[in-house]
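A short write-up of the structure that comes next.
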Amino acid sequence: MPETDSATADQIRSNIEHHLRTSLGKDASHAALYDWRMALSLSLRDLIVEPWFETTRRVYGEKRKRVYYLSMEYLIGRLIEDAVVNLGLEDACRSALDQLGTDFDEVMADEPDAALGNGGLGRLAACFIDSMSALGVAAFGYGVRYEHGLFHQRFEDGRQVEEAEDWLQQRHAWEFERPEVSYEIGFGGSVKSGGNWTVWEPEESVIAQAYDTPIIGWQAKWANTLRLWAAKPIKAFDLNRFNRGEFTAAAEPETLARTISRVLYPDDTTEQGKELRLKQEYFFTAASVRDLVRRFLTEHGDLKDLGQKVAIQLNDTHPAIAGPELVRLLVDEHGMDQIQALEVARDCLAYTNHTLLPEALERWPIDLMRRVLPRHMQIIEMIESWHLQNGGTVRIIENGSVKMGDLAFIMASHVNGVSALHTDLVRSTVFSELNHQYPNRIVNETNGITPRRWLYSCNAPLRQLITESIGDSWPNDLEQLQKLMPLIDDAGFREKFAAAKRTNKERFSNWLVKQGGQPLNPDALFDVQIKRIHEYKRQLMNILETIALWNAIRDNPGADWRPRVKIFGGKAAPGYVVAKQIIQLINDVGRVINADPVMRGRLVVVFPENYNVSMAEALIPAADLSEQISTAGMEASGTGNMKLALNGALTIGTLDGANVEIREHVGEENFFLFGLTAQEVMARRQVPDFARQAIDHSPVLKRVLVQIGSGFFSPNDRDRYGHLVSLLYEHDYFLVTADFEAYYAKQREVDQVSQDTDRWVRMSAANTARMGWFSSDRTIRGYAKDIWKVEPQL
Ligand code: 26Q
């Protein structure tokens, strides 16, 4: 190690020793892994606070416009490695811990994931705050400090079982509690009004209290704040009731309040009309809006200029009540004229749509809305009539419920989709009427991923190869990866590229063994599908293809089959019955195939429990093949597709979401395309009995369906999958049957191509070299320019 680095390592070591004693009250000889991790985290945090304060001073001094990102979900994962990597201290920390007789990697792995999100939407929010700090966009992320994040998944006889997640069991090293930053948030009650005044008198209320986590940018040049709200009771304990002997009742105010930020809803499609969910949404949105208005008023004067200093991005409709809440504050509390308040609010607001699935579009029953948020319901009616007076035709309130998408659209200056295809569909389907009225309001901002986490820190072997090949300035300028293109013709480079992949596959295999699994053959093709379990994502089609391949190998065991490991990862929403059956089927099939001696490792099915961000970090660098096989038109974007391709996995996929743009960037010759297009999907659904026809035309598929339906994979419960099979025959809404043959054929092409190792490595390296555009830095620059009108500036 160079001398300066070893001086840094010494410094870190002494800081760790200091925190071990003074913050954790431990002597080095008695320190557990937890103590070492906390001592290291606190030492790193000490280095983050100065750039954090400096950022705040600068933004304040320059009177910059701020971006407020409102999201119900932040799927962050571990923060410790972000700190290490952004501070550039990996070597120093490793050596400091080494000197203290502790293993760096074990300390890193000890931090529990912050799993405050379900999937793509929450992870996108996490990538965005990272990019905003890397670029120097002045921003706050606002969200909920859930006591329990996304449930922990276990398999019991192959069935998913959910357990409460408990990330706050231990101290969270990265947050600062802010008792002084708190707001009273009301619910229910009534609205009183006189000549020119209106007040809402809530029936019950809770305190929203801030917890701040600094989000440090690349090379620690900037740090934004993630401000999460926790619900606390106004009055913790009812002493009078206690003194009367009503012990349980005395604690009631506390129970009521804490329920609100207790747990993340584990559904990534709307559960209709749950009162607690509405309260969660209003709770964090109202606290955030009040916080940003307060900040504006301390720095600037006149609320009519709010839109010049404030951009509020709504991550889907979950915080869409921000519109009515902002109007309420402006009108009821600051005396602004109604129409002006509507225009000011619209100047500030923008809305991102993440889904076209009708069941995922939020609608709140009017009765519920009126009961929980009576004043907001009035304002929503006012917004609707303002909209109709301006020539609008769409009603926000329809069939007894409030359509939050239409509300968000009408209250936003910009609405964006998350991939080119999805934005086209947003224009032509759900919002076609509103798009007609406001033709420039809808814009596209194709999603991206942070290259710091999803290449630099999760894939050390490839990171080193890239840096030795093109220098070290690519992590915040990812399009530089293009410079790898000419190197692909160099056999030495290809060999190193292949070696990095192999190391990652071995590393994943070791990880799996630690989790209690079997070691994997690193020469096999690692075929990976990792994402929430959903019918439209078609894990079912993947497992049907797995069975078909198994049949083919058994029919012809002497052939030169390319060994494959089918890897699945993902959770089903607890109430999503079909998704849970698909999980059970994958596990049942895996049990049979993995026990078949004829396979001799040529086909293995792996489905590790509890897929999360940390598992993704171990798995993505090890993947050879990326399954992106959703029914065309149904996956808004996907972001796992980007992570996998960036790390050199080849995609087998449909023309859906961002797959379309990935294929354009990496080149059609480096992408395994199959399946119906979005247009064809819509047409095929009109054909009567299309599923039965498809099955009749595919003996391979028919054989598989007969096996499943007859209980071959569930010998103790032969009827287990009868329903799933008849669903395919009778109501194959997701076109599994229609796309099966094309998918099976494309997989056999994958087999062929992957037998030619050199060709595969070229294709794989071309994927890495051409994926730079998918950095979330590019996405954030797009939002900054098109929507927020801010200049990223370090
Ligand atoms: C809403 C109301 C009540 C309960 C839950 C919900 C809810 C929660 C989460 C609805 C939807 C979600 C999450 C949606 C999501 O993750 N969508 C994904 O967003 C990614 C980022 O844009 C895209 O890449 C994916 O294509 C999209 O599926």
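Observations
- Placing a label point 7 Å from the Cα of S710 along the Cα-to-Cβ direction, the residues of segment 581-613 whose backbone N falls under 18 Å of that point are 589, 592-593.
- Rotationally averaged projected area of the chain (alpha carbon convex hull; nm²): 36.8
- Net charge of neighbours whose Cβ lies under 15 Å from the Cβ of L264, counting Lys and Arg as +1 and Asp and Glu as -1: -3
- Mean-position separation - Cα centroids, segment 553-577 and segment 709-786, in angstrom: 11
- Taking the average, over residues, of other Cβ atoms within 10 Å as the packing measure, peptides 200-207, 603-610 rank 603-610, 200-207 from highest down.
- Checking every one of the trypsin sites (Lys or Arg not before Pro) in segment 203-292 against DSSP loop status and a limit of 11 other Cβ atoms within 10 Å picks out K235, R244.
- Spacing of the two label points (7 Å from each Cα toward its C-beta) at I339 and D696, in nm: 6.4
- Sparse packing (at most 14 other Cβ atoms within 10 Å of the Cβ) combined with a DSSP loop state is found for the following GluC sites (Glu not before Pro) in segment 270-354: E271.
- Taking a Cβ cut-off of under 10 Å around F671, the surrounding Lys, Arg, Asp and Glu residues balance to a net charge of -2, with basic ones at +1 and acidic ones at -1.
- Under 10 Å, Cβ to Cβ, from I583 - net charge with Lys/Arg +1 and Asp/Glu -1: +2
- Cα gyration tensor, segment 290-425 - rounded (a/c under 1.5), prolate or oblate: oblate
- Pairwise centroid distance, computed over Cα atoms, of segment 361-398 with segment 249-316, Å: 19
- R171-T22 FRET efficiency (beta carbon distance; Förster radius 22 Å; 0.05 resolution): 0.90
- Within segment 79-165, chymotrypsin sites (Phe, Trp or Tyr not before Pro) in DSSP loop having at most 12 other beta-carbon neighbours inside 10 Å: none
- Residues of type lysines that K566 reaches as a straight line, Cα spacing below 26 Å, ignoring anything fewer than 8 places off in the same chain: K496, K501, K505, K514, K531, K537, K580, K643, K702, K746
- Pairwise FRET efficiency - Q752 versus D490, Cβ, R0 = 22 Å, nearest 0.05: 0.30
- Beta bridges per DSSP with both ends in the chain, % antiparallel, nearest 5: 45
- Whole-Hz Karplus values for segment 146-153 come out as 5, 5, 10, x, 4, 3, 8, 9 Hz, taken residue by residue from phi with 6.51 cos²θ - 1.76 cosθ + 1.60 and θ = phi - 60°; glycine and proline positions read x.
- Three principal axis lengths of segment 217-304 [C-alpha, angstrom, descending]: 56, 37, 35
- Here's the list of aspartates and glutamates a cross-link from K304 could span, going by alpha-carbon distance under 18 Å and ignoring same-chain residues fewer than 8 apart: D291, E325, D332, E333, D337, E343, D347.
- Residues whose placed amide H lies under 5 Å from that of R564, excluding near-sequence neighbours: L525, L603, V604
- Shape of segment 354-406, Cα gyration tensor, a/c cut at 1.5: oblate
- For the chain: relative contact order, % (alpha-carbon pairs under 8 angstrom, 6 or more apart): 13
- Inter-part distance where segment 98-161 and segment 405-469 are each reduced to a Cα centre, Å: 21
- Cα gyration tensor category, rounded, prolate or oblate, for segment 504-561 with a/c compared to 1.5: oblate
- Distance cut-off 15 Å, percentage of C-alpha pairs in segment 1-48 lying past it: 42
- Amide hydrogen proximity for R66: with H placed 1.01 Å from N in the peptide plane, the residues at 5 or more positions away or on another chain lying under 5 Å are V310, A311.
- Approximate spin-label separation R600-E254, in nm, with each point projected 7 Å along Cα-to-Cβ: 6.6
Read the figures in this text as sums done on the coordinates, not as results from a lab. Bear in mind the structure is a predicted one, so any value in this text is a computation, not a measurement. No Cβ is skipped: glycine too gets one built from the backbone with ideal geometry, and neighbour counts run over all protein chains shown.
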